[in-house]
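Bear in mind that the values in this text are calculations on the coordinates, not laboratory data. These figures come from a predicted structure and were not determined experimentally. Cβ atoms come from the backbone with ideal geometry, glycine included; neighbour counts cover every protein chain shown.
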Amino acid sequence: MTPAQIIALAVLVSVVAALIHGKLRSDVVALAGAAVLLGTRTVRPVEVQGAFASPAIIALASLFVIAYAMELSGLLGLLIRGATRLCARLGALGLWLVIGLCGVASAFLNNTPIVVLGAPVVRDVAQSMDQSPKRFLIPLSYATILGGACTLIGTSTNLLVNDMARNAGQPAFGLFEITPVALIIAAIGGLYLFLVAPRLLGADPSPSGEPLAPRTNIAPTGEDPSLYPPDAQLDPVRAGAALAVFALVVAVAATGLLPIAASAFAGAVGLVLARVISVEDAYKGLRPEILLLIAGMVVVGLSLEVTGLAAVTTKALVGWLQALGPLYALALIYGATLLLTEMLSNAAVAVLLTPMAVALAESLGVSPRPFLVAVMMAASAAFATPFGYQTNVLVYQLGGYRYLDFVRIGAPLNLITWAVGLIVIPLFFPF
């Protein structure tokens with residue numbers, strides 16, 4: 001190994017160890033790793049600059065502002081209150097319908113505010129029907145995770161994988177290109193949550209109903225739901241404007257008129273200029289802890305490419321994978337992503353495995369497309385622990401769950417989505 005490869009490997013191991021240890025903020029860990037790589041000249045300043053100004057960062061920052069404008073306008077609160085009335089009429093079936101609608105909304109909006117507002121509603125309605133909220137709160141979190149994977153903008157993971165793949169010379173994904181695969185995985189996962197999960201959870205006595213007070217420094221994703229007011233009063237003009245801008249952003253990106261980064265940036269700036277959201281609130285909505293985490297991890301990921309470490313690792317794998325074929329390689333990438341995303345942030349996992357997925361596919365002489373989709377689907381699938389994803393942390397506290405409740409429900413869901421993914425990904429993205 002060259003000195004540069006040794007440094008890159010040492011930084012990678014240190015960053016992963018620090019993230020697993022969990023005592024330091026994940027964004028600080030990622031930035032520290034990037035600083036070491038820059039200070040040792042393992043990566044060049046222009047590469048670091050590119051990471052911090054990547055289309056994924058611009059798109060995410062802009063979408064955060066647009067989503068925050070929609071939240072401040074009271075639009076999301078209005079939808080939640082409507083869901084409450086629906087539940088009152090339909091009972092338990094209404095609760096499952098609300099969970100499904102939250103999953104659909106997560107394909108376009110960040111799922112943390114959706115769960116922040118929706119989880120207390122699910123809890124209170126369940127208690128009013130003399131049912132345990134535990135039967136519904138974990139499915140609520142998992143449904144929003146599954147829904148978030150259905151579009152390119154549904155989760156930061158998909159945008160990040162797309163950005164890194166583009167940097168590796170791969171064509172960019174369309175806004176809804178991954179939707180068929182993700183919808184099938186979400187549908188099968190949803191059936192499992194509806195038919196099996198409540199039986200595995202049982203019907204323990206309802207928790208006392210403490211107010212939702214999420215811990216903001218536990219989940220490695222670094223998300224902070226305290227940014228979102230519990231229920232803003234509806235302002236019809238601002239709500240209509242924010243919704244119209246968001247719909248326009250999605251339409252422009254979906255038709256290919258502009259890349260998602262450009263359309264989202266224009267939409268966010270337009271909302272500020274139209275005073276739908278103030279400059280101060282726009283800055284609050286940027287959520288720099290997530291953006292800096294992603295940028296820092298992108299630098300760490302770039303070091304694996306520029307030093308040749310990813311190629312060396314892939315070459316070692318290809319020797320025995322060539323005899324097994326691309327489907328086994330796809331299973332390996334999917335499984336490794338599933339395992340790592342339970343321990344690290346989804347951004348970290350995406351950054352680490354995307355270059356390896358591209359290099360592995362190219363070494364096998366097949367298309368990298370199915371491997372990239374596998375990373376997208378698996379990197380957000382943190383089902384088996386309460387701390388793998390921020391929405392899991394929220395319902396963990398609110399529902400009074402035990403750690404093993406997530407293992408009992410989430411581990412089978414991981415295996416189910418893994419199996420379904422291996423079946424459907426090659427159908428829509430052939431090798």
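Which lysines, if any, have their Cα less than 27 Å from the Cα of residue 284, not counting same-chain residues under 8 positions apart?
Candidates past the 8-residue exclusion: 23.
For each of 416, 333, 178, count neighbouring Cβ atoms within 10 Å of the residue's Cβ, then give the residues from fewest to most.
Starting with the residue having the fewest Cβ neighbours, the order is 416, 333, 178.
If you average the sequence gap of Cα pairs under 8 Å that are 6 or more apart and divide by the length of the chain, what percent do you get for the contact order?
Result for the chain is 25 percent.
Once each part is reduced to its C-alpha centroid, what is the distance from region 3-57 to region 313-390 in angstrom?
20
Roughly speaking, what % of Cα-Cα pairs in region 100-140 are separated by over 15 Å, rounded to a whole number?
Counting every Cα pair in region 100-140, those more than 15 Å apart make up 39 percent.
How long are the three semi-axes of the equivalent ellipsoid for region 3-428, computed from the Cα gyration tensor as the root of 5 times each eigenvalue, in whole Å, largest first?
Whole-Å semi-axes of the equivalent ellipsoid: 34, 26, 20.
What range in the chain is the longest one free of trypsin sites (Lys or Arg not before Pro) that are in a loop by DSSP and have at most 14 other Cβ atoms within 10 angstrom?
No qualifying site falls inside 42-214, the longest such stretch.
How do 345, 26 rank when sorted from fewest to most other Cβ atoms within 10 Å of their own Cβ? Walk me through the intermediate numbers first.
On the way: 345 31, 26 26.
Ordered from fewest to most neighbouring Cβ atoms within 10 Å, 345, 26 come out as 26, 345.
How would 68, 328 line up from fewest to most surrounding beta-carbon atoms within 10 angstrom?
Listing 68, 328 from fewest to most nearby Cβ atoms yields 328, 68.
Can you give the FRET efficiency to the nearest 0.05 for residue 272 and residue 323, using r as the Cβ-Cβ distance and R₀ = 56 Å?
0.50
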